[in-house]
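The values are calculated or read from the model by the stated rules, or taken from the named source; none is laboratory data. The structure displayed is predicted, hence computed values, not measured ones. Every residue, glycine as well, gets a Cβ built from its backbone with ideal geometry; the counts of neighbours run over all protein chains shown. With ligands, DNA and RNA removed, areas are computed over all heavy atoms of the protein, side chains included. Shrake-Rupley method; radii C 1.70, N 1.55, O 1.52, S 1.80 Å.
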Amino acid sequence: MKNTYVILVAILLLSLIAQAQGPPITADKPIMLGGGSFTTKTLTEIRKTERGTFVYVPLMLHYLPSSNSLVAVHLPYINYDIENGASGSSLADIKILGKYQFFRKDATGKTFRIVAKTLQNLPTGEELDVMELSTGKYSGYYGIVAGYETLKYGISNEVGYNWMPDGTLDEFRYKLGFGLPLLKPQYPNKQINLYFEYTNSWLVERDWYQLLYAQGIQYARKNITFDLAVQVPLVNDVDAGRELRHSIFLGTRFTF
């Protein structure tokens, strides 16, 4: 009977961890909710560069066939205004996401998990040559996401490679994120989270490198979250006229 109570308490604590610290905003996390659940989400990005302004609005549907697997489709719209160039609106590159959790170690009030991840970019968008938004070319991303979370903080790491066989946007990517809940875990879930997220991007064929920092805040209430983040470059070693000025992210997420 005592062991049963311990197991029930551990399950409750892990559930609170998963709910209190929602998904990172510009990064990813390996923690998944229960099998059979759906999540609809969007994360609008307003990206201003030296080249122009791009507004990217994806509609994302995520489904968990089991507690350790996820499949998703991202249907994006993009509006673009390129200086001394084209402007307009169109469908961007559709993305197919797959994740599989192959390692999990839980303890009282904390958990460590690792997932394998792939993101298949379909060439449905305009050939705007805009990383991760609209390239008009097929690419496949393959990576590993590891995360450690407690009731007081969370840490996420992601490392992977984006392969574009018919283009020059092959990219080695590393992300590091920290999450800080500002309220004590509670049920029903109510939380305000701060996120501090770094993205390292090496475009190997173009010899470009960017180090980006995103400061984000998230409000979570029961099964819905609202996200806001601002991303700025710390290192912007790319061709002249292609530098990032900043990106603003606005998002919401609903699980059912």
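Shown are Ile114, Ile25, whose ranking by accessible area with a 1.4 Å probe and every protein chain present, most to least, is Ile114, Ile25.
How many Å² of accessible area per residue for the stretch 139-227, probe 1.4 Å? The partial results should precede the final answer.
Numbers: 4240 Å² over 89 residues.
Solvent-accessible surface per residue comes out at 48 Å².
In a simple Cβ point-charge model (Lys, Arg +1; Asp, Glu -1; nothing else charged), the chain has a dipole of about 1680 debye relative to its Cα centre. Extending 7 Å from Cα along the Cβ direction at Ser66 and again at Leu183 yields two label points whose distance is 3.5 nm. Toward the positive end of the charge dipole of the stretch 100-210, with +1 on the Cβ of Lys and Arg and -1 on the Cβ of Asp and Glu, the farthest Cα among Ser201, Leu169, Gln101 is that of Gln101.
Student exercise: in the stretch 116-248, how many lysine pairs 8 or more apart or on different chains have Cα atoms under 15 Å apart? Don't jump to the answer; show the numbers that get you there.
On the way: Lys117/Lys175; Lys152/Lys184; Lys152/Lys190; Lys184/Lys222; Lys190/Lys222.
For the stretch 116-248, qualifying lysine pairs total 5.
Extension gain for Lys152 to Lys222 (0.36 nm times residue separation, less C-alpha to C-alpha distance): 23.3 nm. Computing Cα extents along the principal axes in Å for the structure here picks out one of (1) 73, 48, 40; (2) 71, 32, 30; (3) 58, 43, 29, namely (2).
When the residues Ser156, Ser66, Ser87 are ordered by accessible surface, computed with a 1.4 Å probe over the protein chains alone, the sequence from largest down reads Ser87, Ser66, Ser156. Counting only heavy atoms of the protein chains and using a 1.4 Å probe, Trp208 has close to 20 Å² of accessible surface. Please label the shape of the stretch 136-177 as rounded, prolate or oblate, based on the square roots a ≥ b ≥ c of the eigenvalues of the alpha-carbon gyration tensor (a/c under 1.5 means rounded; beyond that, a/b larger than b/c means prolate, else oblate). Verdict is prolate for the stretch 136-177.
So, with a 1.4 angstrom probe, what is the percent of accessible area on the stretch 75-163 that is carbon and sulfur?
Working: 2510 of 4270 Å².
The C+S portion of the solvent-accessible surface of the stretch 75-163 is 59 percent.
Considering only Leu119, Tyr153, Thr44, and ranking their Cα positions along the charge dipole of the chain that arises from unit charges at the beta-carbon of Lys, Arg, Asp and Glu, the one farthest toward the positive end is Tyr153.
Using the rule -39500 (n - 2.57) for each DSSP H run of four or more residues, divided by the residues of the chain, the 222 nm mean residue ellipticity is -2500 deg cm²/dmol. Helix 2-20 and the long axis of the chain differ in direction by around 30°, with both axes built from C-alpha atoms. Suppose R0 equals 22 Å; then what is the FRET efficiency for Leu122 and Arg242 from their Cβ-Cβ distance, rounded to the nearest 0.05? So the FRET efficiency works out to roughly 0.35.
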